[in-house]
Number of protein chains: 2
Amino acid sequence: MTKPQLWYWPDIQGRGEFVRLALEAAGIDYEDSARTRGTDALIADLDRRSGRAPFAPPYLEIDGLVIAQVANILLYLGDRRDLAPSAILDRYWVHQVQLTIADAVAEAHNVHHPIAVMDYYDDQKAEALRAAEQFRAERLPKFLDYLEQAAACNDGPWMIDHRWTYADTSIFQLIEGLRYMFPQRMATLEPRYPALVRIHDMVARLPGVRAYLASDRRVAFNEQGIFRHYSELDGA
Amino acid sequence: MTKPQLWYWPDIQGRGEFVRLALEAAGIDYEDSARTRGTDALIADLDRRSGRAPFAPPYLEIDGLVIAQVANILLYLGDRRDLAPSAILDRYWVHQVQLTIADAVAEAHNVHHPIAVMDYYDDQKAEALRAAEQFRAERLPKFLDYLEQAAACNDGPWMIDHRWTYADTSIFQLIEGLRYMFPQRMATLEPRYPALVRIHDMVARLPGVRAYLASDRRVAFNEQGIFRHYSELDGA
């Protein structure tokens, strides 16, 4: 069987990190193709695709398919690599949690790019300050309240069931990203979210994730990714 | 079997419309619960839910489950009510298209609410003017180019396969919404997208959809929904 190939921007965690973490946690051997071949190779790969092509990275070549959209990739891995429970009742629930995390991630990105996705932060800084205010005060706690309750309603220690799923690795990355982007605000909020912090810590201790985080495959957060630390956007 | 219950804000098309259209096209008998019982009933229903609750409407009670997130609801209907092809190759592709449509919808909403989801348009009008400019010039054609190519690569007349799926009803609604929000811009762009316009027209002629559009169940677009017509945001 050919090794799965993940295509994503090599120098950021970004949206690709949600896929990387699931693959690493599951111990799936994959190639992070733009890391080995370079950004130009990613652009060339994207350009040459037609028909059922991805709209944007990340996309995963696996089992002869090319799958894009983070939630869709995780759905596939959940179904086909056993990274999610198979009971109908659970399967759509995990996906629902993932899609809600994706919404939170998109809103976090919108904080530093409220006006124009393609423009620089500096060209929309004044607007970002306003956007950050409402995000910190209202949207961030709304998302975390929801996810905390979702975690707390499970009998086991994970988001769902008694073993980790892709929803857990995604919670880990959401918390990591929010801590990086809003250290002051998260310091204030975190005591309200014991279940999410527990899941974050348990994911960090999964052997595959622990090895990954200690490796140079985990690039540091930076100001080209989704979660960006601009101190003027933070506040307790 | 109990009739499926759709819970969504009764006075707008909004995100719920993507679910309504799929249900109507498929001839699935459902209750649009907040339409029959009122907005207060929706708020009460949402408040009383705990555990595996929805983050926000729309959500669908069906087969003893409560499923939220538009793409997830459509995934379920695709799987369980045969509104999508069952081949693996096709199943994740339809979902990928739907998730990309969802991204386009979220960005369209962001045009009139760039700063704060919970605030009024008038309080972020200056920023919306800037956001609209880039959306019309760059993001809108980028999304439509992508979806046109996705449609054009299919052998049949639909987005996928030789029969309609939920991706087609969603394309219909996306085009409808964009025409309402950006009539001038869409008049300029539409000639570039023959496949999308064809799919829009074919969906409008599906017996279930035709009956729905002619009924009072289809509420008009308005300035409380996702697609809003503010003439200052449009331009050829």
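The values are calculated or read from the model by the stated rules, or taken from the named source; none is laboratory data. Model, not experiment: these values are computed from the prediction. For neighbour counting, all protein chains shown are included, and Cβ atoms are generated from backbone atoms with ideal geometry for every residue, glycine included. Just so you know, the surface numbers come from the protein's heavy atoms only, side chains and all, with ligands and any DNA or RNA stripped out. Shrake-Rupley method; radii C 1.70, N 1.55, O 1.52, S 1.80 Å.
For region A:119-125, the Karplus equation 6.51 cos²θ - 1.76 cosθ + 1.60, evaluated at θ = phi - 60°, returns couplings of 9, 6, 4, 4, 7, 9, 5 Hz by residue, with Gly and Pro reported as x. Computed over neighbours whose Cβ is under 13 Å from that of B:ARG136, the net charge equals -1, Lys and Arg +1, Asp and Glu -1. Pairs of Cα atoms nearer than 8 Å and 6+ residues apart set the relative contact order; for chain A it is 23 percent. Of the residues A:HIS109, A:TRP93, A:PHE135, the one whose Cα sits farthest toward the positive end of the charge dipole of region A:92-154, with +1 on the Cβ of Lys and Arg and -1 on the Cβ of Asp and Glu, is A:TRP93.
Whole angstrom only: what separates the Cα centroid of region B:80-109 from the Cα centroid of region A:95-117? If you average the Cα positions of each part, the centres end up 18 Å apart. Comparing each chain alone with all protein chains together (probe 1.4 Å, DNA, RNA and ligands left out), the residues of region A:28-73 losing at least 30 Å² of accessible area are A:GLY51, A:ARG52, A:ALA53, A:PHE55, A:LEU65, A:GLN69, A:ASN72. For chain B, the residue among B:PRO207, B:ALA187, B:MET118 whose Cα projects farthest onto the positive side of the dipole built from Cβ charges is B:PRO207. For region A:118-163, a drop of 30 Å² or more in accessible area on going from the chain alone to the assembled protein chains (1.4 Å probe) is found at A:MET118, A:GLU127, A:ARG130, A:GLN134, A:ARG139, A:LYS142, A:TYR146, A:GLN149, A:CYS153. Chain A packed on chain B takes about 4700 Å² of accessible surface away from a 1.4 Å probe, both sides summed.
Per-residue 3J(HN,Hα) values for region A:151-161, derived from phi via the Karplus relation 6.51 cos²θ - 1.76 cosθ + 1.60 with θ = phi - 60°, read 5, 5, 7, 7, 5, x, x, 9, 5, 7, 6 Hz in sequence order (x marks Gly and Pro). Less than 5 angstrom separates the built amide H of A:TYR59 from those of A:TRP7, all sequence-distant by 5 or more or on a different chain.
Taking the accessible area of chain B, probe 1.4 Å, and keeping the other protein chains in place, the carbon and sulfur fraction comes to 51%. Starting from the label point of B:ASP155 at 7 Å along Cα→Cβ, the same points in the other copies fall at 4.8 nm, in ascending order. For chain A, a simple Cβ point-charge model (Lys and Arg +1, Asp and Glu -1, everything else neutral) yields a dipole of about 320 debye relative to the Cα centre.
Each peptide in A:156-167, B:79-90, A:82-93 receives the mean, over its residues, of other Cβ atoms within 10 Å, and ordering these scores from highest gives A:156-167, A:82-93, B:79-90. Dividing the summed helix terms, -39500 (n - 2.57) for each DSSP H run of n ≥ 4, by the number of residues in chain A produces a 222 nm estimate of -16500 deg cm²/dmol to the nearest 500.
Shape call for region B:5-80 from the C-alpha gyration tensor, a ≥ b ≥ c root eigenvalues: rounded (a/c under 1.5), prolate (a/b greater than b/c) or oblate? Present the calculation step by step, with values, prior to reporting the outcome.
Values: a/c = 1.71, a/b = 1.22, b/c = 1.40.
Oblate.
Starting from the label point of B:TYR120 at 7 Å along Cα→Cβ, the same points in the other copies fall at 3.5 nm, in ascending order.
Taking square-rooted eigenvalues a ≥ b ≥ c of the alpha carbon gyration tensor, is the protein assembly as shown rounded, prolate or oblate, where a/c under 1.5 means rounded and, failing that, a/b exceeding b/c means prolate?
It is rounded, given that a/c, with a ≥ b ≥ c, falls under 1.5.
A 1.4 Å probe run over chain B, with the rest of the protein chains in place, finds 39 Å² accessible per residue.
In the assembly of identical copies, A:PRO191 has its label point, taken 7 Å from Cα in the direction of the beta carbon, separated from the corresponding points by 6.5 nm (ascending, one decimal).
Anisotropy class assigned to region A:15-168 is oblate, per the alpha carbon gyration tensor with a/c at or over the 1.5 cut-off and a/b no larger than b/c.
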